Amino acid sequence: MKTKSFIKKPFLTLLVLVFVVLSIIYFQSLKANPNPKIDGKNFSKKNSEYPRAPEFVGIEKWINSAPLKIEQLNGKVVLVDFWTYTCINCIRTLPYLKEWDKKYSDNGLVIVGVHTPEFEFEKKYENVLKAVNDYQIKYAVAQDNSYATWNSYQNRFWPHKFLVDIDGYIRYDHIGEGNYDDTEKMIQELLKERMERLNKKNGVNTNVSKPKEAVEVSSIDVKTPEIYFGYQYSRGNFGNKEGIKQDEVIDYKLPVSISANNVYLEGKWRNNADNMELVSDDGEIMLIYQAKNVNIVAGSENDSESYIFLDNEKENDKNKGSEVVIEQNKSVSHIKEFKLYNIASAQNYGIHIIDINVFGKGFKIYTFTFG
């Protein structure tokens, strides 16, 4: 019966087989290419106008995600953000990134924070993980300790954001803080393109985000540049006549007078590659600056205490930073964890003097940053 039936209907059976094979090929092609409606002309135009997004390479660890590839994210809009957890400029962009992640992830936005370290302690997985948790970051974070992905993107800055469209092309990038409205509008534009491609009618929220925790900084009123310690990164903002000497311990003395935008030390400090390390039991750091907020990147091998005097006032609850407490009528910052500490926040932008008395050898300071 079966053989007879096959002989009677060879043409019909062949049609069925052809249909099945073509169906399999079609659905496999949809699976491989989430954007089936793009045409060659559109691809050709993009190829001529926009660069392809490089892959994530050399990533040591992933946080909040399994390992990701740009290729596997085709069909999504990807925001690649180069950052490091002690960079004040990066930290001030986080409220926007977290808001965009919450607002647009259901529409196809994927954020990948590529953490490329500036200092040695930022290479430790435990430190990065703690920072991700402390800042309540939910999107994927990749540890780019070897600068492999950084170099693939020919990047030179923290923070630096790249927006990658559904076909894997870089359509927009922005260096530094600000331009949040423009960045978000481009996110919306690329998500709309995705919706149209997938024939989805659900609209994209076109409101512009204003995160409550966002901090606005008047960059025009910040006149003091970031100041680096250590012989590897020093930019010349060091005022002691003893100078900086590679890997040596120097007994610094504060001069009678100091000039603005130069940092001065008192006590015995070891000149390390990316920091100054207190070797004596106590030391002092003094700086005249023009800004409002003062931050230091610091840490201690032991528990160290820093007594903060802003404009020669030993206690001023209104001017203390978020990492400062008032103890025994003094503003104190307890330094242990290697991170960014906000140590002073004046009421207004202007010229101020900060004097930091440090107690506890093993204290290391890396940078001053301002806002």
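Observations, loosely collected:
- Residues satisfying the stated conditions in the stretch 323-350, i.e. assigned to a strand (DSSP E or B) and aromatic (Phe, Trp, Tyr): Tyr341, Tyr349
Each row is one residue, and each column tells you yes or no for (1) surrounded by 17 or more Cβ atoms within 10 Å (Cβ to Cβ); (2) in contact with a strand residue (DSSP E or B) (Cβ under 8 Å, 6 or more places away or on another chain).
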position: Ile166; (1), (2): yes, yes
position: Tyr180; (1), (2): yes, no
position: Val208; (1), (2): no, no
position: Pro211; (1), (2): no, no
position: Val215; (1), (2): no, no
position: Ser219; (1), (2): no, no
position: Glu242; (1), (2): no, yes
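- Check on Ile285, in the same structural domain as Ile227 (by TED's automatic domain parsing), under 25 Å from Tyr233 (Cα atoms), assigned to a strand (DSSP E or B) and under 23 Å from the mean Cα position of the chain (by Cα): no
- On inspection, His334 qualifies as in contact with a strand residue (DSSP E or B) (Cβ under 8 Å, 6 or more places away or on another chain) and more than 19 Å from Ile258 (Cβ to Cβ).
- Applying the criterion of being of a type in the set (Val, Ile, Thr) and over 24 Å from Gln290 (Cβ atoms) to the residues of the stretch 244-269, the residue that is surrounded by the most Cβ atoms within 10 Å (Cβ to Cβ) is Ile250.
- Any hit, the stretch 55-68, residues being assigned to a loop (DSSP other than H, G, I, E, B), small (Gly, Ala, Ser) and touching an Asp or Glu at 6+ places or on another chain (Cβ under 7 Å): yes
- Enumeration of residues in the stretch 139-156 that are touching a Phe, Trp or Tyr at 6+ places or on another chain (Cβ under 7 Å) and either surrounded by fewer than 16 Cβ atoms within 10 Å (Cβ to Cβ) or not in a strand (DSSP E or B) (or both): Asp144, Thr149, Trp150, Tyr153, Asn155
- All positions within the stretch 221-235 that are within 21 Å of His352 (Cα to Cα) and surrounded by 16 or more Cβ atoms within 10 Å (Cβ to Cβ): Val222, Thr224, Glu226, Ile227, Tyr228, Phe229
- Test result for Lys192, basic (Lys, Arg) and closer than 21 Å to Thr367 by Cβ: no
The values are calculated or read from the model by the stated rules, or taken from the named source; none is laboratory data. Keep in mind that this is a model prediction, so the values were computed, not measured. Cβ atoms come from the backbone with ideal geometry, glycine included; neighbour counts cover every protein chain shown.
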